[in-house]
Amino acid sequence: MAALIAENFRFLSLFFKSKDVMIFNGLVALGTVGSEELFSVVAFNCPCSPARNYIYGLAAIGVPALALFLIGVIWNNHTWNLVAECHKRGTKNFSAAATFLLFGSIMGRASVAPITWSVISLLRGEAYICALSEFVKPSSLDKFPAEYGAEVLAKIPCRDVPANLTKFRDEVTRRLRYESQLFGWLLIGIVAVMIFLTKCLKHCCSPLSYRQEAYWAQYRSNEDKLFRRTAEVHSRILAAKNVKQFFGFVALDKEEKELVQEFPVEGVQPSPQWNAITGVYIYRENKGFPLYSRLHKWAKGVEGNGPTPEGHELLFLAS
């Protein structure tokens, strides 16, 4: 039982494993702030009509946040690694905790933009005022005329109210803006606390030393850059060979001619090799030596995912 608990806690290191992730999240947040400002200036236009205000106000906050969340899920490499893993190998190598925390890593990163959007929307207050102005109780407003009701209150965001209600309009707007900004600051506080606790748990539960984690992060970054660069050159050379075989010649510029001469490409990698280096990676050690990626594991000729007499794996997912 103790081993199982320790195994599951190690998956807490899914989150925020590299500074590159934090920088990327910051850029996403800044881009979202700019988008929200542009949306508020150009697109937001409260209908100022009972029943419609509430739907429109919530849609202005929720629909863009949902779209940003889905985009974040699509852009996350973990998403497609998980899809490939499930398609090729299933989830038999993952415990329930592992699967939950992997989804948590995907959802956490995808939530940066929608949370930023929601926070900025709440701090600005326009959408919140539009959505809830009609629900303000007239009895809560001192000396509010009894002949006016929700229909007039719904028009407050558009400032289209009788002259004798101007002071009530300002009071309702101030009250709702206060509530909206309060929720925005609370959301910021909750997210900050969650990030802090996650970082603490990650460092406490990590089976690797700080220096080895830093090395692993550098290795993953370098491997990814070199793999992409090499794949681009390899595919260009292979394409050049196939085009030449079809036409009898191929029109290459000077740089491409040098690449073709310097890097002879004899063929393509078979599908089993691509499958072996694709999917969710769990940090493993073989005979005491670390394996830092699926490509590293394939290059060392290590087969399978489960524990073996020759090696063991630490349940520690690469970000």
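The values are calculated or read from the model by the stated rules, or taken from the named source; none is laboratory data. Bear in mind the structure is a predicted one, so any value in this text is a computation, not a measurement. For neighbour counting, all protein chains shown are included, and Cβ atoms are generated from backbone atoms with ideal geometry for every residue, glycine included. For the accessible areas, the whole protein counts, side chains as well, though only heavy atoms, and no ligand, DNA or RNA atoms are used. Shrake-Rupley method; radii C 1.70, N 1.55, O 1.52, S 1.80 Å.
It is to be established whether one or more residues within region 175-192 are closer than 30 Å to Y292 by Cβ and either open to solvent by 40 Å² or more (accessible area, probe 1.4 Å) or under 34 Å from the mean Cα position of the chain (by Cα) (or both).
no
Can you tell me which residue in region 86-107 is nearest to G57 (Cα to Cα), limited to those that are surrounded by fewer than 20 Cβ atoms within 10 Å (Cβ to Cβ) and modelled with pLDDT of 75 or more?
Taking the candidates together, the pick is M107.
Which pairs have Cβ atoms under 7 Å, sit 6 or more apart or on different chains, and link a residue in region 203-226 that is assigned to a helix (DSSP H, G or I) to one that is at pLDDT below 90 and open to solvent by 40 Å² or more (accessible area, probe 1.4 Å)?
Qualifying pairs under 7 Å: C205/F9; C205/R10; S221/D20.
For region 108-138: of the residues being touching a Pro at 6+ places or on another chain (Cβ under 9 Å) and open to solvent by 30 Å² or more (accessible area, probe 1.4 Å), which is nearest to L58 (Cα to Cα)?
Looking at residues that are touching a Pro at 6+ places or on another chain (Cβ under 9 Å) and open to solvent by 30 Å² or more (accessible area, probe 1.4 Å), I get E126.
Scan region 304-312 and tell me whether some residue there is at pLDDT below 85, of a type in the set (S, T, N, Q) and open to solvent by less than 90 Å² (accessible area, probe 1.4 Å).
The answer is yes, given that some residue of region 304-312 is at pLDDT below 85, of a type in the set (S, T, N, Q) and open to solvent by less than 90 Å² (accessible area, probe 1.4 Å).
Does F196 fit the bill of being loosely packed, with under 10 Cβ neighbours inside 10 Å and out of contact with any Gly (no Cβ under 7 Å at 6 or more places or on another chain)? Quick ask: steps written out before the conclusion?
Values: loosely packed, with under 10 Cβ neighbours inside 10 Å: no; out of contact with any Gly (no Cβ under 7 Å at 6 or more places or on another chain): yes.
Judged against the criteria, F196 is not a match.
Could you check region 139-169 and list, in sequence order, the residues that are open to solvent by 30 Å² or more (accessible area, probe 1.4 Å), under 24 Å from S118 (Cα atoms) and in a helix (DSSP H, G or I)?
Passing the criteria: P157, C158.
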